[in-house]
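The values are calculated or read from the model by the stated rules, or taken from the named source; none is laboratory data. Fair warning: this is a prediction, and the values are worked out from it, not measured in the lab. Here the Cβ is made from the backbone with ideal geometry for all residues, glycine too, and neighbour counts use every protein chain on show. When the accessible area is computed, the model is the full protein with side chains, heavy atoms only, and any ligands, DNA or RNA have been set aside. Shrake-Rupley method; radii C 1.70, N 1.55, O 1.52, S 1.80 Å.
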Amino acid sequence: MQDLQDSSSPTRVLDSPELLILVARHLNKRQVLSCLQVCRTWHKALISLFWHDVFIMDNRCPRAPVLRKYADLVLRLIVHTEVFCWAPAELQEISLPRLQTLGVHQWNINEAPKELHAPIKPLIKLITRHQSSLTNLGLRHVTSQELMNAVVGCSQLEVLRIDYLQLESLDLWLQQYESFWSRLRSLTVGGPWFTKLEEDTSFTNPKLVEMLDANFGQSRLRSLDIRAVNKDILQIQSFLIQKSPELRDLRWRSTAGFEDHGTPLALMARSIQSGRFSQQLETMFASGVEFNNSDLKLVLESLKGLKTLDVQHTGFNVSSWLILKNEIPRYMTTLKSLSLAGCPHLTGKVIHDVLCSIESLETFHADYVKFSNLVEDERDWLCTGIKSLKMAIVMDGPQEEDDLMVMYRLSKLTRLELLDMRALCAQRTYNKKDVSRVVLLRGVMPTLARGLEVLEGLTRMRFFGVCLERGLGWRLDETMWALHYWPRLNELSGMKFYSSPVEICKKAGVRLTDCQLLL
């Protein structure tokens, strides 16, 4: 009997390395460090997990002898640095045999002359030493042709995130296509691809894409995040998309059309018509991309498996929504995520209709819906399984009881984990003399006096954001209510607490360190 009690005790259970590691994966770095100091058994089980990730912030980093001792355990290295150095000199020569992920973010890049942008040479040496093991590489604000040569030499690389490719010519990119670019599984480029685009005569061929299509093999890309900056780059990006039959996640941004070549969406529509586009995308981000509705219809009709659509900050309008709703009705039961934020042609009435029509939504972002829209159209929101909702609810009625009606509508969304109603805090209007003024819009007031208790069923809530009028906040009763009914809530935005965190925790009978909401 004594043996049975010993084997079922918490200490015995956590002596199992597998269970201990499973628990420790949910802890932060500091908490894992504390666990290492409990006993030798825990230290032996968790030391590998602790050293899997190494973070360097300026000169705050592990001492060289310690890092050298555990170098075989490091799988991921993340560096955040100023412009002049990325790590102490003794760390720059250390080799990490199993390093798979490297991320370097250099800020203040514009505050120093180019000759003083120091991380380049040490970084090139670091990448060169780990070319045989790196599979994931991210570079922010740091690039050069020499650096790109080192990146191209990474034989196992599958994921590349970089601000600028800094390639000297299209011919160079084509030379590297078969050996490197076609091998990538995920590519993110935040800006221009080529440094001497105006001088590159390779782009003058009017049938460039057709020539590339005939002479180059397929790419293994599954995720592509790019930005079109001119018509020539648009052609190359179109070629890369057409040569990627496994592509599932496409984020193609642009701020304008380019003469006869049109926009990314227009180019996709043309490719579909010609039979050169057969990808079955699951995610499409076209934020900032202008389009006409005929192109949008053609593209959406061809994407049978699309689950995520992001068209924020575009000309998506009422006609666009009616195409989606009436002419391609399958999206009403298959679309999981939709973002319409920043679309100036959409009214609250249309946004309300979206919520009443797409029952499969799990994530939805929009600017606003008005209370009067809910009164005029009393239909229930069909998306009862939604988990993330970012949208202001503008209270344009005079009655305070209106807030309670909104609360009842929100209470039916029982799977909500993120509710952010701060999307539209103010509206800029213009008078006859084109002088702008800001009109503050009243949002929902989530207090106990106005029906907050109706939301007690939203027990999965993790983030709650509102835009309260100046001077309003949560008193002790509201805070205690949230701690009781929303146990997972760890972030509250848009309001202040009238009671001190110490007073709240004392009343609730919990330690301040255990209450994420008040930290």
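So the values come out like this:
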item: Flag if Leu126 is open to solvent by less than 10 Å² (accessible area, probe 1.4 Å) and on the phi < 0 side of the Ramachandran plot; result: yes
item: Checking Gln2 against (1) modelled with pLDDT of 80 or more; (2) of a type in the set (S, T, N, Q); (3) surrounded by fewer than 12 Cβ atoms within 10 Å (Cβ to Cβ), the condition it does not meet; result: (1)
item: The one condition in (1) outside any helix (DSSP H, G or I); (2) at pLDDT 75 or above; (3) within 25 Å of Ser169 (Cβ to Cβ) that Val229 fails to fulfil; result: (2)
item: Selection count, segment 260-314, where residues are of a type in the set (Phe, Trp, Tyr), within 21 Å of His365 (Cα to Cα) and at pLDDT below 80; result: 0
item: Criterion (in a loop (DSSP other than H, G, I, E, B) and either more than 22 Å from Val159 (Cα to Cα) or touching a Leu at 6+ places or on another chain (Cβ under 9 Å) (or both)) met by exactly one of Ser271, Ser278; result: Ser278
item: Neighbours by Cβ (under 6 Å, 6+ apart or cross-chain): first from segment 46-73, open to solvent by 40 Å² or more (accessible area, probe 1.4 Å); second aliphatic (A, V, I, L, M); result: Ser48/Leu73; His52/Leu75; Phe55/Ile78; Arg68/Ile94
item: Whichever residue in segment 205-226 is assigned to a loop (DSSP other than H, G, I, E, B) and under 21 Å from Gln156 (Cβ atoms) and, among such residues, is modelled with the lowest pLDDT; result: Gly217
item: Those strands (runs of 3 or more DSSP E) lying entirely in segment 305-417 with at least 3 residues crowded, with 20+ Cβ neighbours inside 10 Å; result: 363-370, 388-394
item: Close pairs from segment 220-247: first polar (S, T, N, Q), partner open to solvent by less than 10 Å² (accessible area, probe 1.4 Å) and modelled with pLDDT of 85 or more, Cβ under 6 Å, at least 6 apart; result: Gln237/Ile226; Ser244/Ser219; Ser244/Leu221
item: Yes/no for Asp420 being of a type in the set (Asp, Glu), closer than 22 Å to Asn373 by Cβ, surrounded by 13 or more Cβ atoms within 10 Å (Cβ to Cβ) and modelled with pLDDT of 85 or more; result: yes
item: Boolean, Val289 is farther than 22 Å from Trp381 by Cβ, open to solvent by less than 10 Å² (accessible area, probe 1.4 Å) and either among the hydroxyl-bearing types (Ser, Thr, Tyr) or in a helix (DSSP H, G or I) (or both); result: no
